[in-house]
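Input: a single structure, listed below in structure tokens.
The values are calculated or read from the model by the stated rules, or taken from the named source; none is laboratory data. Predicted model only: the values in this text are computed from it and were never measured. Cβ sites come from the backbone with ideal geometry, for glycine too, and all protein chains shown count toward neighbours. With ligands, DNA and RNA removed, areas are computed over all heavy atoms of the protein, side chains included. Shrake-Rupley method; radii C 1.70, N 1.55, O 1.52, S 1.80 Å.
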Amino acid sequence: MKGLITYLALVYARCLTICPQAFQRLMYNLDRRTCDPDAEKYFRRHLDTVVAWPTLLRNECAFFLLYASLLGISAYGFVLSAHGGPGLERYFIPAVSIMFGCSAWRLIWPATSRYERLFLLCLLGSSCYALKVMASPLHFSAVVELLHWNTVNTLLKTDHLLFTRNSLLLVSSYYPGLEIVTDAFCSISGLSPFTSGLIVTGCARLLLILSFFLLNEQLFKSSRIASLATLFYMANPHFFFFDAQYRYESLALPLLILVLWLLEPCQILSAGIGSIKINRYNVALLDTYRKNLRQRLVGIALLTTLVLAGLTVTHYGSDFYLLVFLLVWTLVYSRQQPAALWRSLVLHMLLLAVLLALINTLRPINPLPDHLSTLSNRIGHNLISVVQGPGKLRSLFASYTGLGTPVWLRLCAIASVSLILICFPFGLLCLLRLHRLQSLARTFALLALCYPLSLILRLGGFGAALADQAAAFLFIPLAPLLALACVQLFPVRTMCKLQVTIVAGLITIILVGSVVIGAGPGMKLWPDAYFSSAAGRSIEFERMQAALWTRTYLPSGNQLAATDRVNQVLQATYGEQHSVTMIAAHSHIAPHALSGRTRSSDELRIMRQGRLRYLVVDLRLERARSSKELFQASTYVNTIFDSGDMIIYDIGAVSHAS
């Protein structure tokens, strides 16, 4: 490895000699700034070192009022967009840009105190979460949220019986950490499961921001770098919408970062215990010091074990990422201090995490092993499609639901990724030069290399979804690199307000571009007029009213099928019916099989195979209109609900006939 680095350095030096003088001076300045140890050095006056609480309170009130007004503008944009107007482009995106820009400007300014940085980060994170709540304040607007909400309702109905089967999301029964916390909060407070879920997710968002700030502050010994790293972490496409949803990843991510924050000082403590040499002159003093170090390690180990156990039963993806992170961290630490490896708490926590993951994964009837094998096969097919050539690649910003993304928003998303890729090598070089003696910093450098590889996966069909899911984890090591690049490129001693404004504008482009990428084609995840098969826009009140009607007038637990996925989930959650799916019935029953595309004999076979009693048809779906003609022509099918667009048929006489 060292020989390869030396060879690359020689090649770089030879290529640089044949370049123009202007380019050589630019590269020399960049190289000098990557190893500048005084980039954060700020000569303050005596009054600046003391927190001016009146000034701090004035700034906090000003930011609070500004964010409140921007939230009001965004709410108006949501209402206008829900009625078919251009509310997202005219009101929501500008309001979010101002919100990000003001926060970035204040966090870049070197005179900002640590308390104000913490307040700004918590206020920005809470405002982003408030935007998600304002988009759907009365009900969950995503299918995955309804799936976890169904698990919470099952826990409440079964007197808190854990690992109860959820036919819509089988793996949720084996990772009920989020549902357990919601159930406990719901039982203590007396609030509804929906309100309790919103509060739990909001508290998890604050824990994520504080843990990430403290982790980077402890690593780099700078509140400014820590605040910028936390701000850059908000640039991952999952932060604004997906990680604000009621899903197990929203609670697992804060727990993962909390584990890293607890383990960060343990390397020094473990090495310190072994390096203490006791002689007859300092035996009493150093023996007391060693006992204090061991007590600190035991306390950290106990707390980390509790958090690790909670993470194991919350989300398998976050748990597996933590295993990879701890493994890389242990290998890096073994290269730096091999003598202190067996005393390292990171190694002990890695072994414990592997044991807990195996126990939870290999439990009987856990569907996770089958899910992982299917996932690995799809990843292999996706890589093959990328290698085969451009004919197999996915078109960027392509929408298969009829929704389109405006051109200027596409350019913003491309600019966001381009700026990250430009800053990435410079930040990586700064991290390796200035913090090469810290094993966690080297671990960040190694894992951050996966980010460019994830962009290649986005060119494939399934790889795009996988890379999108991994963004929240990849930005944990990537965000500190971007913060270091920002700090080293613009040292404090030469910084002026114009430079701060330029850097804040570039960071705003990165953050707004991440919002566009995370929202999907045509911003389909945000409020807008009804559109079939468009995530949250498919969940609307007419479908919910049909589900509430079934709960009121029909017995619960009936075998029910629907012509689309959203109606299946709504009937299972709001309607308290047993929605028959391909997974739940262990058969080949799927929504497209009841859509009228098959022959009548196939329809009858599917109904009898699933022992269906009721069928929900949404006439706004093109594929469901032929089903209406088929069932209306039958004398054995009764129409029990008809709202114009939604029809519920009683098909018990057909499916139970011999």
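Residue selection: Asp48 fails the criterion of being modelled with pLDDT under 85, of a type in the set (Asp, Glu) and either in contact with a Gly (Cβ under 7 Å, 6 or more places away or on another chain) or open to solvent by less than 50 Å² (accessible area, probe 1.4 Å) (or both).
Just to be sure before I move on: is Asp183 among the acidic types (Asp, Glu), farther than 30 Å from Gln488 by Cα and open to solvent by 20 Å² or more (accessible area, probe 1.4 Å) in the structure I sent?
Spelling it out, it is not the case that Asp183 is among the acidic types (Asp, Glu), farther than 30 Å from Gln488 by Cα and open to solvent by 20 Å² or more (accessible area, probe 1.4 Å).
Among the residues making up segment 481-520, those that are open to solvent by 20 Å² or more (accessible area, probe 1.4 Å), within 17 Å of Phe426 (Cα to Cα) and either part of a helix (DSSP H, G or I) or aliphatic (A, V, I, L, M) (or both) are Leu489, Leu506.
Selection of segment 223-281 for residues being within 22 Å of Ala519 (Cβ to Cβ) and either part of a helix (DSSP H, G or I) or at pLDDT below 80 (or both) yields Thr230, Leu231, Phe232, Tyr233, Phe242, Asp243, Ala244, Tyr248, Glu249, Ser250, Leu253.
Do the conditions hold for Phe220, that is, is it of a type in the set (Phe, Trp, Tyr) and open to solvent by 10 Å² or more (accessible area, probe 1.4 Å)? When the stated conditions are applied, Phe220 passes them.
Screening the candidates Arg458, Arg363, Arg442, Arg433 for the property of being modelled with pLDDT of 65 or more, charged (D, E, K, R), open to solvent by 20 Å² or more (accessible area, probe 1.4 Å) and under 21 Å from the mean Cα position of the chain (by Cα) yields one hit, Arg458. Taking the conditions (1) under 21 Å from Asn567 (Cβ atoms); (2) in a helix (DSSP H, G or I); (3) hydrophobic (A, V, I, L, M, F, W, C) in turn, Phe213 satisfies each one other than (1).
With respect to the conditions (1) in contact (Cβ under 8 Å) with a residue 24 or more places away in the chain; (2) over 13 Å from Leu107 (Cα atoms), Leu498 falls short on a single one, namely (1).
Report yes if some residue within segment 150-158 is crowded, with 21+ Cβ neighbours inside 10 Å and among the hydrophobic types (A, V, I, L, M, F, W, C); otherwise report no. Checked segment 150-158: at least one residue is crowded, with 21+ Cβ neighbours inside 10 Å and among the hydrophobic types (A, V, I, L, M, F, W, C). Evaluation of Pro254 against the conditions (1) of a type outside the set (Asp, Glu); (2) more than 9 Å from Ala483 (Cβ to Cβ); (3) open to solvent by 10 Å² or more (accessible area, probe 1.4 Å) shows that the sole unmet condition is (3). Within the group Ala572, Ala584, which residue is modelled with pLDDT under 80, among the small types (Gly, Ala, Ser) and touching a Ser or Thr at 6+ places or on another chain (Cβ under 7 Å)? It is Ala584.
Residues in segment 71-118 that are among the hydroxyl-bearing types (Ser, Thr, Tyr) and open to solvent by 50 Å² or more (accessible area, probe 1.4 Å) were compared, and the one that is modelled with the highest pLDDT is Tyr115.
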